[in-house]
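Scroll down for the structure; my scribbles are underneath it.
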Amino acid sequence: MNLDFFQKSCCLKVSDCRKKLTIAEKKCQIVFLNNAQKLLLKIEIDKCMSFSGKRCDFLVIIPEDYNSFFIELKGCDFIEAIRQIDNSMNNLLDDLKNSKINVRIILTKVNVPDIQNNPLILKLKKRLNTLKGNLRYKTIKMTEII
C-alpha cells in the first residue's frame, strides 16, 4: 500500500485515531466506530482528486489492517453509484496494493435493482472477492465497526 500518496495529498481530510469517524452528505451518513483507536485516513475523492470520469465521494483507509473502503453517499441511483466506485477503483488501486478493498453505498431512497442479475453489480462483486473485500449498501445510515 502506498500510504505516502494519500498522506501527502491535499485531499487527505482526516489522519488520526479518533474513536468515531462520521461522513455525511446528501442526508446519508456512514459512521466508523474505531474503539481500538487505529489510525484512520479519510480522503475526499469526488471534489478533490483529479482523474477522468466520475468519482465516488470518499475513501477511508485503515493502514494497520490493510483495509480500504470506497464510499458513495447517493440519492437513489444505485447503478450510478456502482459506476462511480468502479472508476475510482480503476484509478486508485495501484496505490492500494495488498489492501482489502470494500465498497459502501448509502442511499437516501430505496431504489435498488435486482442485484442478483445486474451485470455491473455482479462484475463488481467478483472483483471485490478477488480483492478480499465486499459490497454493502443501506439507506440513510450505515455503521462500520473497525
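The values are calculated or read from the model by the stated rules, or taken from the named source; none is laboratory data. All of these numbers come straight from a predicted model, not from anything done at the bench. Reconstructed Cβ throughout: ideal geometry from the backbone, glycine too, with neighbour counts over all protein chains shown.
The table for this structure:
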item	result
Residue within region 37-44 that is closer than 24 Å to residue 132 by Cα, in a strand (DSSP E or B), in contact (Cβ under 8 Å) with a residue 12 or more places away in the chain and out of contact with any Leu (no Cβ under 7 Å at 6 or more places or on another chain) present	yes
Residue check for residue 94: surrounded by fewer than 13 Cβ atoms within 10 Å (Cβ to Cβ), closer than 24 Å to residue 39 by Cβ and not hydrophobic (A, V, I, L, M, F, W, C)	yes
Any hit, region 50-70, residues being farther than 19 Å from residue 108 by Cβ, without any contact (Cβ under 8 Å) to a residue 24 or more places away in the chain and either aliphatic (A, V, I, L, M) or assigned to a strand (DSSP E or B) (or both)	no
Filter result (outside any helix (DSSP H, G or I), among the aliphatic types (A, V, I, L, M) and at pLDDT below 90) within region 96-146	110, 112, 115
